[in-house]
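Structure first, commentary second.
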Amino acid sequence: VAEQMEEIEMLRREQQEKQRLEREQADLMRKLKTENGRKDQKKKDNTKELEKLWEEQEKKAAEEYHQAREIERLKAELQQREEKERQQVLELERLRKNVAERARADVE
């Protein structure tokens, strides 16, 4: 009887140890799932942030490109105006000389 009681006690301890290990394993699995869930969410968040930054960078690059084109257009327009003004100044100078020559011819 004592041997049977001892064996029963040993089996009970083994069963308790097995249950404890199963609880620990289940606890570890829950923690692992939670941690994996956090990592997955962090990865998704980082991916979204990266996509957002990429879009912002693309918009910025497009804006800079359009600004550069506008600057070039304005430069060309300014050059045309300056050339037109230069031609007008030359024409005015030619007309002034012409008027001065006529005035001299009229005086003579």
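Looking at Leu28, Leu92, which one is over 42 Å from the mean Cα position of the chain (by Cα), aliphatic (A, V, I, L, M) and surrounded by 10 or more Cβ atoms within 10 Å (Cβ to Cβ)?
Sole residue among the options that is over 42 Å from the mean Cα position of the chain (by Cα), aliphatic (A, V, I, L, M) and surrounded by 10 or more Cβ atoms within 10 Å (Cβ to Cβ): Leu92.
Which residue pairs have Cβ atoms under 7 Å apart, sit 6 or more places apart or on different chains, and have a first residue in the stretch 39-51 that is loosely packed, with under 10 Cβ neighbours inside 10 Å and a second that is of a type in the set (Val, Ile, Thr) and in a helix (DSSP H, G or I)?
Between residues of the stretch 39-51 that are loosely packed, with under 10 Cβ neighbours inside 10 Å and residues that are of a type in the set (Val, Ile, Thr) and in a helix (DSSP H, G or I), there is no close pair.
Kindly list the number of the only condition in (1) modelled with pLDDT of 95 or more; (2) surrounded by fewer than 10 Cβ atoms within 10 Å (Cβ to Cβ); (3) not polar (S, T, N, Q) that fails for Lys60.
Here Lys60 meets the rest and fails (2).
The values are calculated or read from the model by the stated rules, or taken from the named source; none is laboratory data. Quick caveat, the model's predicted, so the values are computed rather than measured. No Cβ is skipped: glycine too gets one built from the backbone with ideal geometry, and neighbour counts run over all protein chains shown.
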